[in-house]
Amino acid sequence: MSFVNKIELRKIEVSPSILSADLANLAAEVKKIENVADYVHIDVMDGHFVPNLTYGPIVAKAVKRVTDLPLDSHLMIDNPEDFVDDFCEISEIVSVHYESTHHLHRLIQRIKEKDVKAFVALNPHTPIELLQDIIMDVDGVLVMSVNPGFGGQKFIPNALNKIKRLNDIRRKTGLTFKIEVDGGINEETFEYALNAGADVLVAGSYIFNSEDPTAAVKTLKG
């Protein structure tokens, strides 16, 4: 049986994270993957919700100007309500963390009202059961397979159990939310994530630290 058959012929999408790109040559870095990737993943970190500080709307808007790829913005920040509108203006997907807001339903609806896909992200310690009263409202769930904050970390195996349980929920309920997985995705781990039920793979260092980023994206697509 081929690998393609094992993942049920569904469309696999890849969202390269610029967290591992050369920010001094960001336009050129994005061009390396533009013809094969499905999104550009924007990891927004505030130094509070996660122990790292990256970039905000200004850099994201600069990326938007140099590519036709849709942006997949992942807000790893406290009080995402303060910046969500800025990212909705330029993104096709905006992910907010379950752990970062007191009013998740309100925030999800705010994103969707702007005709943007609303994803909920879960840290490794957060159980998917906490989404039972919001799962029907989201367009996707972003499963963190590393502790958020830094690129190049090792894949946490328990993420596969979360992906499988989310996939089971889809099958039993008929819901169509996507499952995105972020962290430690490489040539060894991606098949496990896809076979568990993931639809969108986020990878940074595996893609942008490779000699051939285009080939790396193609590998992740099976």
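Laboratory data are not the source of any read-out in this text; all were calculated from the coordinates shown. As the structure is a computational prediction, the values presented were derived from the model and not from experiment. A quick note on method: Cβ atoms are made from the backbone with ideal geometry, for glycine too, and the neighbour counts reach across all protein chains shown.
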Please get the size of the charge dipole for the range 96-222, origin at its Cα centre, with Cβ charges of +1 on Lys and Arg and -1 on Asp and Glu, quoted in debye to the nearest 20. 360 debye
From the cross-link list LYS114/LYS218; LYS11/LYS154; LYS61/LYS162; LYS61/LYS218, which pairs have alpha carbons spaced over 30 Å apart? LYS114/LYS218; LYS61/LYS162
Dividing the alpha-carbon Rg of the range 17-78 by 2.2 N^0.38 Å yields what? 1.09
Mind scanning LYS64/LYS112; LYS31/LYS172; LYS31/LYS221 and naming the pairs with a C-alpha gap bigger than 30 Å? LYS31/LYS172
Using a cut-off of under 14 Å, list every residue of the range 57-88 whose amide N is near the label point 7 Å from the Cα of HIS103 along the Cα-to-beta-carbon line. 79-85
Computed over the chain, the convex hull of the Cα set has an average projected area, in nm², of 11.4 nm²
Within the chain, excluding any GluC sites (Glu not before Pro) found in a DSSP loop (not H, G, I, E or B) and having at most 10 other Cβ atoms within 10 Å, the longest uninterrupted segment runs 9-187
For the chain, whose charge dipole is built from +1 on Lys and Arg Cβ atoms and -1 on Asp and Glu Cβ atoms, the candidate among ASN52, PRO148, VAL217 with its Cα farthest towards the positive end is VAL217
Report the full-extension gain for the segment ASP212 to GLU89: residue separation times 0.36 nm, less the Cα-Cα distance, to one decimal in nm. 41.1 nm
So, relative contact order of the chain in percent, Cα under 8 Å, 6 or more apart, is 22 percent
If you look at just the Cα atoms of the range 126-200, how large are its Rg and its Dmax in Å? 12.1, 35
Gap in Å between the Cα centre of the range 183-209 and the Cα centre of the range 89-153? 19 Å
Please work out the FRET efficiency for the pair GLU188 and LYS112, using the Cβ-Cβ distance as r and a Förster radius of 35 Å; give the result to the nearest 0.05. 0.45
